[in-house]
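Read-outs throughout are calculated quantities, based only on the coordinates presented, and are distinct from any laboratory measurement. Please read these numbers as outputs of a predicted model, since none were measured by experiment. Backbone-built Cβ (ideal geometry, glycine too); neighbour counts: all protein chains shown.
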Amino acid sequence: MKKNTKNEYLNRDEVSEMIESALRRHNRRSTIISSVLGWILIGGYSFGLFQVVQNV
């Protein structure tokens, strides 16, 4: 068998940049998802509260 020896290794700076990019993307997506879920929950709570107040 022939062993592939590639000299295409990543250096420490490139790996750090890839990790930082992935963290930024994750934080952006999680912020958007949390905002949407928060608005949905606040909307549902407000709707229920107004229904209770209206029926009293």
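Side notes on the structure shown:
- Angle of helix 12-55 to the longest C-alpha principal axis of the chain, folded into 0 to 90 degrees and rounded to 10: 10°.
- Normalised convex hull volume, the chain, alpha-carbon set, Å³ per residue: 98
- Once exposed loop trypsin sites (Lys or Arg not before Pro) are cut out (DSSP; at most 15 other Cβ, 10 Å), longest piece of the chain: 7-56
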